[in-house]
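Notes follow once the structure below has been shown.
The values are calculated or read from the model by the stated rules, or taken from the named source; none is laboratory data. Being a predicted model, the structure only gives us computed values, none of them experimental. A quick note on method: Cβ atoms are made from the backbone with ideal geometry, for glycine too, and the neighbour counts reach across all protein chains shown.
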């Protein structure tokens with residue numbers, strides 16, 4: 001079976017879209033919550049930093065960071081369904097911006113657009129994509 005005939009997988013927008021529709025926009029965190037990461041983040045990333053949250057998903061990390069004083073967080077995700085849900089959910093938080101984007105092509109941003117990029121869970125998606133791209137099943 002070639003990688004092109006595999007069912008939808010983690011690295012595909014369709015998979016993510018279907019999952020977010022099924023979950024109805026509920027927040028979901030795979031790893032540590034911001035409270036557990038806060039000591040490290042605060043030490044390394046000043047609140048005035050312009051941040052990029054790659055593969056933002058529906059986690060509360062960006063919202064929690066705004067509550068902790070962070071002023072500008074650009075959240076990107078491959079799922080347009082999720083991005084639209086998050087835009088509606090956080091319309092009243094101007095510190096958060098949401099953009100649909102594939103992490104494999106971030107050409108919309110110029111070099112040095114951000115002071116820090118946070119990648120919380122994209123590694124699973126990238127490993128799946130690399131497996132599909134370079135391994136023939």
- Single condition residue 80 does not satisfy, out of (1) within 19 Å of residue 18 (Cβ to Cβ); (2) at pLDDT 95 or above: (2)
- Task: Exactly one condition in (1) touching a helix residue (DSSP H, G or I) at 6+ places or on another chain (Cβ under 8 Å); (2) not in a loop (DSSP other than H, G, I, E, B) is not met by residue 56; state its number.
- Result: (2)
